[in-house]
Amino acid sequence: VIEKRELVSLLRGATNLQAADCVGDALFLRAANTRSRAYGDAIYLRALIELSNFCRRRCAYCGIGAFNRDLGRYRIQEAALLAASKEAAACGYRTVVLQAGEDPELVGKAGSRLVASWIRRIKETGIARVTLSLGAPDGDALSRWRDAGADRYLMRFETSNPALYGALHPGDSLRARLRDIERLQTLGYEVGSGMLVGLPGQRIEDVANDVLLCRDLDLDMIGIGPYLPHPAAPLSSKSVPKEVSGSELIYRVIAATRLLCPRANIPATTALETRDRTAASSSGDRARPSVDAAGQLRALRCGANVIMINFSPQSVRRLYALYPNKATDLAGSEATIALENRTAAAGYRAAVDHVGDALRPQVDAR
Ligand code: 5AD
């Protein structure tokens, strides 16, 4: 059992786990071993469809918050949604992730019925699992969507520090967020949560607490991304404390999370890949293509086991800009092939057609 103090020093890179016979960083090697005990060499792929960039929230870090009046807003048409989901099914996918801002037209009463009908129709297209990431909806939408066939829900707690949570999320509290996450678990969803790393106002102890909270919530999925400043978001003017600003920290956080949460599905996030690619291009490595996936491959070596591939309609992708520089160039089918090749070259097997359900707790109890 890893405790808080040890975790902090692992995250700082100060302590190494004992592994006299290992070459390289023992934290990363241990995490990679834990990953392969649970999942072998499989990488689960999910098809991501971004439904809407309308949002009623004002999360201080996010580029699609209600404060951003310069952003063109879109909401997907049903026909385009079903086309994207069929395209994913044709590529072999069995899981789609439906993500959106907290759009009143989707999370209000009428909208939640529309989303329920979309879930039913998607499941008729050969998709076995539907994951939702639509924010905190009104009324009984979560149970309505579950009844309609939704299997999984992603709702990050973003930070486990209540004061920081409050400062970043006007009108909301960490307590309310955790209550929603608990409700998702009660309703029988596979539940994903997670956090942002490298936020203004964040300390390394906060990040350690985030990892411990992931463990305590017994999550099925854990999304961990670096905070990327968006020029239109209020937080972008604030500086990031040095102790959480290093580019290696995110990998240590992923590895530590894998050690504490061995059975969780942990994605190599798009934000991580975006940051890595942005850093490479500003350091003069211009020609690097978006299929490179170096940041994501590194995350896989640190314990991640899932990658989401964007199947959103090409015409709306640039509008779904939670942070700058997100790659939007490759169609889902092209990105899938590129990822399969890249992961195979790195010794993994991209299992596009695997439903990728969360392992049950007893499977990995060791
Ligand atoms: N940088 C990185 N991740 C972000 N998210 C939102 N804005 C940003 C940003 N500027 C993340 C949040 C949210 C997820 C969908 O995207 O953690 O939960």
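The values are calculated or read from the model by the stated rules, or taken from the named source; none is laboratory data. From a predicted model like this one, the values you see are computed outputs, not experimental measurements. Heads up, the Cβs are rebuilt from the backbone with ideal geometry, glycines too, and the neighbour counts pull from every protein chain shown. Just so you know, the surface numbers come from the protein's heavy atoms only, side chains and all, with ligands and any DNA or RNA stripped out. Shrake-Rupley method; radii C 1.70, N 1.55, O 1.52, S 1.80 Å.
Please go through segment 82-118 and give me each residue that is assigned to a helix (DSSP H, G or I) and within 16 Å of the ligand (Cβ to nearest atom), ordered by number.
First pass over segment 82-118, keeping only residues assigned to a helix (DSSP H, G or I): 82-90, 104-107, 109-118.
Answer for segment 82-118, where residues must be assigned to a helix (DSSP H, G or I) and within 16 Å of the ligand (Cβ to nearest atom): Leu106, Val107.
If you take the residues of segment 252-285 that are out of contact with any helix residue (DSSP H, G or I) (no Cβ under 6 Å at 6 or more places or on another chain) and of a type in the set (Ser, Thr, Tyr), which of them is surrounded by the most Cβ atoms within 10 Å (Cβ to Cβ)?
If we take residues in segment 252-285 being out of contact with any helix residue (DSSP H, G or I) (no Cβ under 6 Å at 6 or more places or on another chain) and of a type in the set (Ser, Thr, Tyr), then Thr269 is surrounded by the most Cβ atoms within 10 Å (Cβ to Cβ).
With Gly198, Gly171 as the choices, which residue is within 16 Å of the ligand (Cβ to nearest atom), over 28 Å from Leu359 (Cβ atoms) and among the small types (Gly, Ala, Ser)?
The unique qualifying residue is Gly198.
Out of curiosity, is Ala26 modelled with pLDDT of 95 or more, of a type outside the set (Ser, Thr, Tyr) and more than 16 Å from the ligand (Cβ to nearest atom)?
Spelling it out, it is not the case that Ala26 is modelled with pLDDT of 95 or more, of a type outside the set (Ser, Thr, Tyr) and more than 16 Å from the ligand (Cβ to nearest atom).
What residue, of Asp138, Asp172, is more than 20 Å from the chain's Cα centre (by Cα), open to solvent by less than 40 Å² (accessible area, probe 1.4 Å) and charged (D, E, K, R)?
That would be Asp172, the only listed residue that is more than 20 Å from the chain's Cα centre (by Cα), open to solvent by less than 40 Å² (accessible area, probe 1.4 Å) and charged (D, E, K, R).
Are any residues in segment 81-109 open to solvent by less than 60 Å² (accessible area, probe 1.4 Å) and closer than 17 Å to Gly135 by Cα, and if so, which ones?
Across segment 81-109, the qualifying residues are Val96, Val97, Leu98, Gln99, Ala100, Gly101, Glu102, Asp103, Leu106, Val107, Gly108.
If you go through segment 234-249 one residue at a time, do you hit one that is in contact with a His (Cβ under 8 Å, 6 or more places away or on another chain) and surrounded by fewer than 20 Cβ atoms within 10 Å (Cβ to Cβ)?
Checked segment 234-249: at least one residue is in contact with a His (Cβ under 8 Å, 6 or more places away or on another chain) and surrounded by fewer than 20 Cβ atoms within 10 Å (Cβ to Cβ).
Consider Leu196 carefully, then state whether it is open to solvent by less than 40 Å² (accessible area, probe 1.4 Å), closer than 30 Å to Arg69 by Cα, part of a strand (DSSP E or B) and not polar (S, T, N, Q).
yes
Scan segment 68-96 and report the pairs whose first residue is without any contact (Cβ under 8 Å) to a residue 40 or more places away in the chain and whose second residue is among the hydroxyl-bearing types (Ser, Thr, Tyr) and buried (at least 20 other Cβ atoms within 10 Å of the Cβ), with Cβ atoms within less than 8 Å and a gap of 6+ or a chain change.
Once the first residue is without any contact (Cβ under 8 Å) to a residue 40 or more places away in the chain and sits in segment 68-96, its partners that are among the hydroxyl-bearing types (Ser, Thr, Tyr) and buried (at least 20 other Cβ atoms within 10 Å of the Cβ) give Arg75/Ser52.
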